[in-house]
Amino acid sequence: QGTRDHPPAQAALRDRLLSAVVSCFKRHGAAAIDTPVLELRETLIGKYGEGAKLIYELQDQGGELLALRYDLTVPFARYLAMNKVTNMKRYHVAKVYRRDNPATTRGRYREFYQCDFDIAGQFDPMIPDAECLKIVHEILSDLQLGDFVIKVNDRRILNGVFAVCGVPESKFIPACSTVDKLDKVPWEEVRSEMVGEKGLSPEAADRIGEYVQLHGGLDLIERLLQDPKLSQNKLAKEGLGDMKLLFEYLTLFGITGKISFDLSLARGLDYYTGVIFEAVLLHQENEHMEELVGVGSVAGGGRYDGLVGMFDPKGRKVPCVGVSIGIERIFSILEQRLKASGEKLRTTETQVLVATPQKHLLPARLKLISELWDAGIKAEMLYKKDPKLLKQLQYCEDTGIPLAAIVGEQELADGVVKLRDVATREEVRM
């Protein structure tokens, strides 16, 4: 349950999608790393908030309690701490595992790919953060998935809001994970969960409601900087100052049209410490796309300055900011789009089929195809001694091979090869 096989057409589509994402990461100067699928259980526990119950734990197999990795961020932080790396820009594309209730139509699986880009190191504020948002903007524009919005917020602003609304600090994280549901359920439900399950007072919940339903741009940041209560809170003030700086950089990148400063954005993970963001596809009204509505978030990330320190014996911190592209959800959308268009996707990259029109010419085919392979040309032939020429040309049409190299008795005698364009049926001897 919650896993899938990828037949050739899907694997080809996924490769195309991954290479578009990776080429963007490379354009921004990231190096690739890889880490094991298995991590020590203690590495993962206590890093994911309510997500912890979805960690796949393994049975004790000789003294080590292990679990399957839940994301690529915690392994990255462990890698930095173990190898004493204080400065790195990396990307990582790999499978992660969550014991979730699968919703395969929405692209939710128990085994799925994540594509992460992170910048680790001590830099001037908001420059790396702005680049992460630019990357999300580039990838979503490049894939032409339709209209999207990137919501941004800051954990410090949220914590400041909770503080001025009278929430005790011990309840910040539970309150955060409840606010995070605002994009899926109405405020009334969020409010009743805060009061009923998370033990906040109704007055505190109402005050939070006044803030978390706000969204806008620079104007909203300016307004909150003047807010009599928030401007008195040190954390919120810091967060708003950085948010203002972030918007200045995003304006220079020319992408603020797709960015919304949204106070309801909380992101459920415990390890975020500063800026957080999430990209959401806007509903596409289209008769083929009715299943698409509610695809939700297709990328997310933020700043996590304390995570590496958790793994360092001396507690040395390495500030980090990163983004994860929700490749499975994007894949579901592209897959449905391909189905709707009826377009056939080529599953191989073969450039030429080596064909023979008469019998007893297998040696000629084997010799020619070997020369082509040795020259780095992608070539195929049928595994039959004496196939009919029509059969061979039909195979080209079925699989999208553009050219056929034909060697018959006449061609062998003349020392040439006849090259046929499968689509136009034009032939040249060479």
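The values are calculated or read from the model by the stated rules, or taken from the named source; none is laboratory data. Since this is a predicted model, take the numbers as computed values, not measurements. Every residue, glycine among them, receives a Cβ derived from its backbone with ideal geometry; neighbour counts consider all protein chains shown. Calculation scope for accessible area: heavy atoms of the full protein, side chains included, ligands and nucleic acids excluded. Shrake-Rupley method; radii C 1.70, N 1.55, O 1.52, S 1.80 Å.
Observations on the structure shown:
- When segment 3-19 is filtered for residues that are touching a residue at least 12 places away in the same chain (Cβ under 8 Å), loosely packed, with under 15 Cβ neighbours inside 10 Å and not in a loop (DSSP other than H, G, I, E, B), the ones remaining, listed by number, are PRO8, ALA9, ALA11.
- Which numbered condition VAL407 misses (of (1) assigned by the TED database to the domain that holds ARG16; (2) open to solvent by less than 50 Å² (accessible area, probe 1.4 Å)): (1)
- Among the conditions (1) part of a strand (DSSP E or B); (2) surrounded by fewer than 18 Cβ atoms within 10 Å (Cβ to Cβ); (3) not polar (S, T, N, Q), GLU397 misses just one, which is (1).
- Residues of segment 42-84 that are touching a residue at least 60 places away in the same chain (Cβ under 8 Å), farther than 15 Å from ASP100 by Cβ and among the small types (Gly, Ala, Ser): GLY46, ALA77, ALA81.
- Residue check, LEU390 within 13 Å of ALA355 (Cβ to Cβ), surrounded by 12 or more Cβ atoms within 10 Å (Cβ to Cβ) and modelled with pLDDT of 95 or more: no
- Selection from segment 342-360 of residues that are surrounded by fewer than 19 Cβ atoms within 10 Å (Cβ to Cβ) and either within 19 Å of GLN410 (Cβ to Cβ) or without any contact (Cβ under 8 Å) to a residue 40 or more places away in the chain (or both): GLY342, GLU343, GLU349, PRO357, GLN358, LYS359, HIS360
- Number of the exception - GLU64 against (1) in a helix (DSSP H, G or I); (2) touching a strand residue (DSSP E or B) at 6+ places or on another chain (Cβ under 7 Å); (3) among the charged types (D, E, K, R): (1)
- Filter result for the condition that a residue is in contact with a helix residue (DSSP H, G or I) (Cβ under 6 Å, 6 or more places away or on another chain) and either outside the structural domain of GLY274 (by the TED database) or of a type in the set (D, E, K, R) (or both), over PRO357, PRO387: PRO357
- Selected residue (criterion: most open to solvent (accessible area, probe 1.4 Å)) from residues of segment 87-126 that are within 28 Å of LEU252 (Cα to Cα) and part of a loop (DSSP other than H, G, I, E, B): GLN122
- Long-range neighbours under 8 Å by Cβ, at least six apart or interchain, first residue over 24 Å from GLY209 (Cα atoms) within segment 253-264, second of a type in the set (Phe, Trp, Tyr) and not in a loop (DSSP other than H, G, I, E, B): THR256/PHE247; LYS258/PHE148
- Any hit, segment 202-220, residues being out of contact with any His (no Cβ under 9 Å at 6 or more places or on another chain), surrounded by fewer than 13 Cβ atoms within 10 Å (Cβ to Cβ) and farther than 22 Å from GLU169 by Cα: yes
- Out of LEU65, LEU44, LEU133, sole residue that is of a type in the set (A, V, I, L, M) and at pLDDT 95 or above: LEU133
- Residue match in segment 83-90 (condition: closer than 21 Å to GLY322 by Cβ and of a type in the set (A, V, I, L, M)): yes
- Any hit, segment 161-175, residues being surrounded by fewer than 19 Cβ atoms within 10 Å (Cβ to Cβ), over 20 Å from the mean Cα position of the chain (by Cα), modelled with pLDDT under 95 and not in a helix (DSSP H, G or I): yes
- GLY415 passes every criterion in (1) of a type in the set (Gly, Ala, Ser); (2) within 23 Å of GLU349 (Cβ to Cβ); (3) exposed (fewer than 11 other Cβ atoms within 10 Å of the Cβ) apart from (2).
- Test: residue in segment 277-293 that is modelled with pLDDT of 95 or more, more than 21 Å from SER141 (Cβ to Cβ) and part of a strand (DSSP E or B): no
- Residues that are at pLDDT below 95, over 25 Å from LYS181 (Cα atoms) and surrounded by fewer than 19 Cβ atoms within 10 Å (Cβ to Cβ) do not occur anywhere in segment 256-268.
- Every residue from segment 138-160 that is within 21 Å of the chain's Cα centre (by Cα), in a helix (DSSP H, G or I) and crowded, with 21+ Cβ neighbours inside 10 Å: ILE139, LEU140
- MET243 vs. criteria farther than 28 Å from PRO125 by Cβ, open to solvent by less than 10 Å² (accessible area, probe 1.4 Å), out of contact with any Cys (no Cβ under 8 Å at 6 or more places or on another chain) and not small (Gly, Ala, Ser): no
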